[in-house]
1. Which order, highest average first, do 85-91, 124-130 follow once you tally other Cβ atoms within 10 Å for each residue and take the mean per peptide?
2. Which percent, to the nearest 5, of DSSP beta bridges fully inside the stretch 67-183 are antiparallel?
3. Give me the net charge for the shell around P115: Cβ to Cβ below 10 angstrom, other residues only, Lys and Arg +1, Asp and Glu -1.
4. Output ³J(HN,Hα) for the stretch 81-92: one whole-Hz value per residue in order, computed from phi by the Karplus curve 6.51 cos²θ - 1.76 cosθ + 1.60 with θ = phi - 60°, and x for Gly and Pro.
5. Could you run the Karplus curve 6.51 cos²θ - 1.76 cosθ + 1.60 with θ = phi - 60° over the stretch 233-249 and give me ³J(HN,Hα) per residue in whole Hz, x for Gly and Pro?
6. Give, as a single signed number, the net charge of other residues whose beta carbon lies under 15 Å from the beta carbon of E153, with Lys and Arg counted +1 and Asp and Glu -1.
Amino acid sequence: MGQIFNEKIVVFFSIKKCRSIMNYDKHSGRRRFLGLSAAGVGSVFLGAEGKYCTNSQRKNNREVFDCHLHCPSSQGEKWQWYKVTHTFDDFARYLEKAGVHKGIINCQRSYNALPEEFIAGNREVADFMNRNKGKFLGACVVNPLFLEEALRELEYCQKELGFVWVGELCNYMIPFDYKAKEFEEMMNHVTKLKMIIALHTEGEEMDFISLKFPEATIVFAHFGDDHEYQDIFRRIQIVASNPNFYLDT
Ligand SMILES: [Zn+2]
């Protein structure tokens with residue numbers, strides 16, 4: 001298990017749900033990161049050698065790279081229990097204060113179900129990314145139930161906007177079933193585009209997805225929260241079973 005921890009996961013137990021100020025996690029070069037975090041903000045310490053980072057190591061030349069950042073929208077979407085950041089610029093300043101150097105961003109506006117809204121949110125992300133070159137990478141969020149628009153948007157975000165990441169997709173926010181045909185087609189497209197996808201899964205959803213899409217590069221969001229805690233070792237086991245799978249926390 002220690003090996004698994006060292007290579008694929010990072011742990012921080014003060015986890016909050018997606019709707020909190022922001023979440024945390026990881027990703028970057030395969031098997032090259034680890035994490036840990038500071039209270040309230042989950043984040044990942046990207047070690048140059050892919051080694052587990054302690055707080056003291058973090059203070060020396062390690063950069064915090066957080067791959068699970070839900071950003072406020074210019075249209076007013078703010079998922080925060082306590083509203084501390086109202087704009088993307090506020091949010092970026094907050095990250096700076098929290099010691100997060102870089103990250104992967106998505107826009108809370110994209111979690112509205114309609115294509116015009118998820119597309120508009122992704123454009124906000126592109127704008128944030130371009131205004132902060134070298135600091136943030138964009139993530140594309142779509143609603144797979146609008147399949148045609150979702151596939152087109154994935155392709156556009158990858159080819160025209162330079163996004164490499166999809167999600168986090170949360171099927172409890174835009175209600176859809178991971179067993180839906182549209183989701184399968186979307187996953188196949190993501191795999192074909194060689195994009196990384198972050199998924200919020202609970203209970204048996206993770207089992208289903210891991211068996212159904214072994215070729216996809218998937219970040220399973222959250223080490224465990226709420227009732228997922230009881231499945232924590234099973235979640236680790238699934239991730240350990242496939243080099244394409246990761247957990248964030
Ligand atoms: Zn989230």
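A short reminder: the numbers here are calculations on the coordinates, not readings from a lab. Note that the structure is predicted; figures quoted are calculated from it, not measured. Glycine gets a Cβ as well: all are built from the backbone with ideal geometry, and neighbour counts include every protein chain shown.
1. Averaged packing, sorted descending, gives the order 124-130, 85-91.
2. Values: 0 of 8 bridges.
That works out to approximately 0 percent antiparallel.
3. On the way: positive: R152; negative: E116, E117, E148, E149, E153.
So the surrounding residues net to -4.
4. Coupling constants for the stretch 81-92: 5, 10, 6, 10, 10, 9, 9, 4, 5, 4, 4, 5 Hz.
5. Values per residue, Gly and Pro as x: 6, 5, 5, 5, 4, 4, 5, 5, 7, 9, x, 8, 9, 9, 10, 10, 7 Hz.
6. Values: positive: R109, R123, R152, K159, K192; negative: E116, E117, E124, E148, E149, E155, E160, E182, E185.
Spelling it out: positives minus negatives among the neighbours equals -4.
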